[in-house]
Structures are given as structure tokens and as C-alpha cells.
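Here it is, the structure, as C-alpha cells.
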Amino acid sequence: MHVIGGSASTDLAERISRELGNAPFGVPFLKRFPDGELYLRVGGNFQNEDVVIVQSTRTDEDLLELLLLQDAVREGGARRSFVVVPYFGYARQDRRFFPGEPISSRALARHVELDADMVVTVDLHSPLTLGHFRKPSFEASAIPAFARQLRQRPVDVLVSPDKGGADRVRRLAEILGRPWFALEKKRIDSEHVELRLPDALGVSFTGKHVTIFDDVISTGGTIVEAARLLRQNGAAAITTACTHGLFLRDAFERIKAVADDIYATDTLHNGAQKVSVAPDIARLLEKEGAAR
Ligand code: R5P
């Protein structure tokens with residue numbers, strides 16, 4: 001098995017190759033033509049080999065690089081290609097909210113799966129996106145990776161900033177054997193939210209170490225409001241954690257102003273990728289890839 005890391009996921013791809021018993025690892029040569037079009041070339045002989053391509057699609061450029069990589073690997077004679085998209089861009093538009101909108105995650109799923117024998121991603125915003133694939137597709141979870149990390153830290157209570165993330169936080173809390181609860185969230189616009197404690201809280205967090213866990217930190221609006229609310233209500237220390245850290249604009253600084261620590265996984269390159277999902281992706285590839 002070979003592993004190719006696209007430019008958005010080089011570090012994670014290399015870790016996955018190590019987890020797969022030091023599978024041969026490479027990165028593509030990339031350049032731009034004068035008109036801005038992307039050129040890439042992958043080295044290595046893939047004849048009758050399985051190839052794992054790892055590339056998050058945070059930007060439209062990342063997506064295009066992924067599509068070209070898939071074609072290059074197929075041209076190189078790969079027997080099967082397993083496409084790992086650790087951060088699957090556009091996954092939050094997984095349904096039509098208003099007439100005239102696309103189901104963006106479905107549009108992307110259909111293009112990515114065209115040249116893939118299997119697609120693997122990590123912690124999707126909702127299960128709807130997996131349902132948009134027609135080829136075998138799997139979702140690795142960052143929860144075991146966070147459990148490994150947070151076991152070594154003081155964590156008294158876990159909090160989901162909204163009901164949508166409650167199941168994720170419940171599963172992490174159960175592994176760690178800690179209480180948890182979800183805040184009530186009302187989104188005002190793409191950067192602002194209103195949060196409040198649930199009516200029947202049933203969990204005390206006064207004077208305690210609280211970890212807020214979300215799937216995505218984008219502008220930081222949600223996690224900053226959550227940290228403020230919990231601090232105002234007596235939390236002694238706040239750790240913020242997310243699977244996918246986009247950290248747009250000054251999100252880092254705003255979070256640092258209200259939280260003691262920031263944890264993200266290596267699905268995206270950012271300054272906080274302290275938690276690796278490589279072992280979880282590698283085990284899933286071994287299990288599902290070998291089964292096909
Ligand atoms: C939304 O439901 C997601 O789970 C995240 O809470 C959201 O994407 C975070 O975005 P932001 O950091 O911009 O508040």
C-alpha cells in the first residue's frame with residue numbers, strides 16, 4: 001500500500017503511512033501555470049497496488065488538487081484508491097435550507113467518489129453527508145484520539161456548545177467517565193450566536209475544569225461565547241477542543257482570551273493540532289480496505 005499526502009494534509013498522511021507499517025509515502029510535485037491552473041505529478045509505481053490519497057478540502061484549491069491527485073493515481077495503474085478526506089469541506093451545507101440552494105456536500109461527494117474505491121472522512125457535521133455517497137464511505141471518529149489525550153489532563157465536566165454536538169460529547173464523556181451537558185444555542189448570523197445554560201442542568205461545574213468539545217471551530221464565535229458563559233457561571237478552568245480547527249481570522253486570539261488551552265486534531269494544518277487521528281484512520285483503512 002502507498003500513501004500520498006496532498007498539500008493540505010501532508011503531516012497527517014505521513015503519520016498514516018507510519019501507522020500502516022511504514023507504507024511508502026510521497027507528496028506530489030505541484031506548480032501553477034501562468035494562467036493559475038494547477039499542475040501536479042506523483043512519483044512512484046502504483047501498478048496493481050492499493051493507494052491511499054489523503055487530502056482535506058478546506059479550500060476550493062484543495063478540492064481541485066484532490067481531484068487531480070485521484071486521476072494521477074489512477075493513471076499510475078493503482079489497483080484500488082482509498083481516498084481520505086480528513087476535513088470534508090462544505091459538509092455543513094448537507095441539506096437544502098432555502099429554495100434554490102444546492103446540497104453542497106452531496107455535490108462534492110459525487111465528484112470525489114467518481115475516482116475512488118472507498119472514501120474515508122473524519123467527524124462529519126452530520127451523518128447526512130455519508131448518505132450522499134454511492135460508493136463505500138466511512139467516518140472515522142476523533143473521539144478515541146481525544147479520549148487518549150484528555151485522560152492525561154484534568155477534566156471534570158464536558159460540554160457541548162449545542163444540541164447538535166451532544167451525542168459526540170456524550171460518547172467522549174462516557175469513555176472518560178465524566179458528567180456532561182449541552183448548551184442551548186441560537187445562531188444569530190454566521191459569526192454570532194446566543195448561548196444559555198439548559199433549564200435542567202443537573203451537573204455542577206463551579207470551581208471545576210471544563211472541556212468544551214465541538215466538531216468545528218470556524219470563526220470561534222460559538223466556542224468563545226460558550227467559554228465566556230461557563231466562566232461567568234463559575235468554571236475554574238476551560239479547555240476548548242475541536243476535531244477540525246479552521247480558526248478563521250483572529251479566532252485563536254479570541255479563544256486564548258477566554259480559555260486556558262486549545263486542542264484540535266491534525267485533520268487541518270493549524271497551530272493547535274495536538275491530537276492525531278492517524279491511528280484511527282489507519283485502523284479503519286486496514287479493516288474496511290482489506291475487507292473489499
Ligand atoms: C455548528 O453547528 C458547528 O458544530 C460549530 O459549532 C460551528 O461550525 C462553529 O462555528 P464558529 O466557530 O464560526 O462559531
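Every number in this text was worked out from the coordinates using simple rules, so none of it is lab data. Predicted, not measured: the structure shown is a model, and the values here were computed from it. Using ideal geometry, Cβ is built from the backbone for each residue, glycine included, and neighbour counts are taken over all protein chains shown.
Any idea what the alpha-carbon Rg over 2.2 N^0.38 Å comes to for the range 144-215?
1.12
Same structure, new question: Just the ratio, please: alpha-carbon radius of gyration of the range 1-88 over 2.2 N^0.38 Å, N its number of residues.
Taking N as the residue count of the range 1-88, the ratio is 1.02.
Across 10 Å bins from the origin, how do the percents of Cα pairs in the range 44-108 run, short distances first?
In order of increasing distance, the bins hold 21, 40, 26, 11, 2 percent.
Moving on to the next point. Need one number: % antiparallel among DSSP beta bridges in the chain, to the nearest 5.
Here the antiparallel bridges make up roughly 20 percent for the chain.
Quick one: net charge of residue 263's neighbours, Cβ under 15 Å, K/R +1, D/E -1?
Net charge around residue 263: 0.
Stretched out fully, how many nm does the piece from residue 206 to residue 175 gain, at 0.36 nm a residue minus the Cα gap?
Stretched out fully, the residue 206 to residue 175 stretch lengthens by 8.9 nm.
Apply 1/(1 + (r/R0)^6) to the Cβ-Cβ distance of residue 190 and residue 233, taking R0 = 30 Å, and write down the FRET efficiency to the nearest 0.05.
Step by step, r from the Cβ atoms, then E = 0.70.
Follow-up question, since we're still on this one. Gain in length, residue 253 to residue 38, computed as 0.36 nm per residue apart minus the alpha-carbon separation, to one decimal in nm?
In short, 74.1 nm is gained.
Shifting gears a bit: Expressed in nm to one decimal, what extension gain is obtained for the pair residue 60 and residue 92 from 0.36 nm per residue of sequence separation less their Cα-Cα distance?
Between residue 60 and residue 92, full extension yields 10.0 nm more.
If you average the alpha carbon positions of the range 72-96 and of the range 180-209, how far apart do those two centres end up, in angstrom?
Going from one Cα centre to the other spans 35 Å.
While we're on this one: Over the Cα atoms of the range 143-275, what is the Rg over Rh ratio if Rh follows Kirkwood?
Rounded to two decimals, Rg/Rh equals 0.92.
Shifting gears a bit: Pop out the ³J(HN,Hα) list for the range 162-179 in order, Karplus 6.51 cos²θ - 1.76 cosθ + 1.60 with θ = phi - 60°, rounded to Hz; leave Gly and Pro as x.
7, 5, x, x, 4, 5, 4, 5, 4, 5, 5, 4, 5, 5, 7, x, 10, x
Rounded to whole Å and sorted largest first, list the principal axis extents of the Cα atoms in the chain.
60, 45, 34
For the chain, modelled as a GNM with alpha-carbon contacts under 10 angstrom, which of 193, 210, 155 fluctuates the most?
193
Assign unit charges at the C-beta atoms only (+1 for Lys and Arg, -1 for Asp and Glu), then state the dipole size of the range 143-275 relative to its Cα centre in Debye, rounded to the nearest 20.
That gives the range 143-275 a dipole magnitude of about 320 debye.
Further question: Hey, any idea what the orientation-averaged projected area of the convex hull of the range 92-191's Cα atoms comes to, in nm²?
That works out to 8.4 nm².
Report, by chain and number, residues whose modeled amide H sits under 5 Å from the one on residue 122, excluding near sequence neighbours (fewer than 5 apart, same chain).
88, 140
Straight-line reach from residue 274: which lysines fall under 26 Å, measuring Cα to Cα and dropping same-chain residues less than 8 apart?
List returned: 163, 208, 256, 287.
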